[in-house]
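See structure below.
A short reminder: the numbers here are calculations on the coordinates, not readings from a lab. Quick caveat: nothing in here was measured; it's all calculated off a predicted structure. Reconstructed Cβ throughout: ideal geometry from the backbone, glycine too, with neighbour counts over all protein chains shown.
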Amino acid sequence: MSKSSAKKKRAHLLRNGGRDASLSRGLAPSFSTHVRKTKSKKDRLERSRHKGRNPYDRYLDNHKDFLCA
């Protein structure tokens, strides 16, 4: 595989007495920093309730105020 142009530039700077870019990078922790969580029943029901709904359809919100005698 070929090298990317950024990798070529970093190698060129390193060869010619430039600073190593890997020294600027922080240390990665040995554990996962994000949380993996499955959806709860409430989240799944909320998604199915809103799925396929047109957000610009004002009838869905305004038909609650209609009063029939």
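Sort 22-29, 4-11 by the packing proxy (mean of other Cβ within 10 Å over each peptide's residues), most packed first.
Numbers: 22-29: 6.6, 4-11: 11.4.
The peptides rank, most packed first, as 4-11, 22-29.
Stretch N16-S48 to full length: gain in nm at 0.36 nm per residue minus the Cα-Cα span? Write down the numbers at each step before the final one.
On the way: separation 32, 0.36 × 32 = 11.52 nm, distance 5.95 nm.
Answer, rounded to one decimal: 5.6 nm.
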